[in-house]
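A.B. asks: Quick one: structure below, then a few questions.
Derivation of every value follows stated rules applied to the coordinates shown; laboratory data play no part. Quick caveat: nothing in here was measured; it's all calculated off a predicted structure. Note: ideal-geometry Cβ built from the backbone for every residue, glycine included; neighbour counts use all protein chains shown.
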Amino acid sequence: MKFAVLVAILADDLEEKALEIAREAGAAGVTILDARGIGAQEKKTFFGLTYEGSQSVLVFVLEKKLSLTVLKKLTEQLNLRTESKGVVFTLPLEHIAGIDTSQIQRFEQRIKDDI
């Protein structure tokens, strides 16, 4: 079975919606990291203080086909093609240890259901 890592770097206010979309698409576990980013545009200042918007980094380990489904759903439903509020990408995962065996069984069942 092939796995992929799906990474979503999103504005903080999109975190809950992104988690809901991913769950509905079939993703189960996720690791959530708090982050700050530096964009191409100048940062906003207010009375000499620089505003840095906070971001969430969502990291999913998914079956390869499911990762593409989740990526498409996040891109569409969060309007990431038109609004610059985040980025979503996948990376191939060559070696993995410690994944919950029940999650592997769910992936296998989903594959059987697709066949």
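A.B. asks: Based on alpha-carbon centroids, what's the gap between segment 1-31 and segment 98-113 in Å, whole number please?
C.D. replies: Between the Cα centres of segment 1-31 and segment 98-113 lies a distance of 17 Å.
A.B. asks: Report the charge-dipole magnitude of segment 73-115 in Debye, nearest 20, computed about the Cα centre from +1 at each Lys and Arg Cβ and -1 at each Asp and Glu Cβ.
C.D. replies: Values: 6 positive and 7 negative charges, 31 e Å.
In total the dipole reaches around 140 debye.
A.B. asks: May I pose another question? No solvent, one uniform scatterer per C-alpha: report log10 I(q)/I(0) for the chain via the Debye equation at q = 0.19 1/Å, two decimals.
C.D. replies: -1.00
A.B. asks: From a point 7 Å beyond the Cα of ARG106 in the direction of its Cβ, which residues of segment 7-23 have a backbone N at a distance under 19 Å?
C.D. replies: Counting only backbone N, you get 7-8, 16-23.
A.B. asks: Please give the peptides 60-73, 11-24 ranked by average Cβ packing (other Cβ atoms within 10 Å per residue), highest first, as a rough proxy for protection.
C.D. replies: 60-73, 11-24
A.B. asks: Calculate the dipole size of the chain relative to its Cα centre from +1 charges on Lys and Arg beta carbons and -1 charges on Asp and Glu beta carbons; express the result in debye to the nearest 20.
C.D. replies: 300 debye
A.B. asks: Kirkwood Rh over Cα pairs of segment 50-115 into Stokes-Einstein at 20 °C, 1.002 mPa s: D in µm²/s?
C.D. replies: Values: Rh = 14.3 Å.
Approximately 150 µm²/s, per Stokes-Einstein.
A.B. asks: Sticking with the crude label model, points 7 Å out along Cα→Cβ, report the distance from ILE96 to ARG23 in nm, one decimal please.
C.D. replies: Between ILE96 and ARG23, the simple spin-label model gives 2.1 nm.
A.B. asks: Right, something else. Specify the angular offset, from 0 to 90 degrees and rounded to the nearest 10, of the alpha carbon long axis of helix 101-114 from the longest principal axis of the alpha carbons in the chain.
C.D. replies: Relative to the chain, helix 101-114 is tipped by roughly 70 degrees.
A.B. asks: Right, next: Kindly write out, for segment 21-28 in residue order, the coupling ³J(HN,Hα) from the Karplus curve 6.51 cos²θ - 1.76 cosθ + 1.60 (θ = phi - 60°), rounded to whole Hz, with x marking Gly and Pro.
C.D. replies: Along segment 21-28, the couplings run 4, 5, 4, 4, 7, x, 6, 10 Hz.
A.B. asks: While we're looking at this one, here's another question. Excluding same-chain pairs closer than 8 in sequence, count the lysine pairs in the chain whose Cα atoms lie under 25 Å apart.
C.D. replies: So the count of such lysine pairs works out to 23.
A.B. asks: Quick one: 3J(HN,Hα) in Hz for segment 65-72, Karplus 6.51/-1.76/1.60 with θ = phi - 60°, rounded, Gly and Pro as x.
C.D. replies: Result, rounded to whole Hz: 5, 5, 4, 5, 4, 5, 4, 5.
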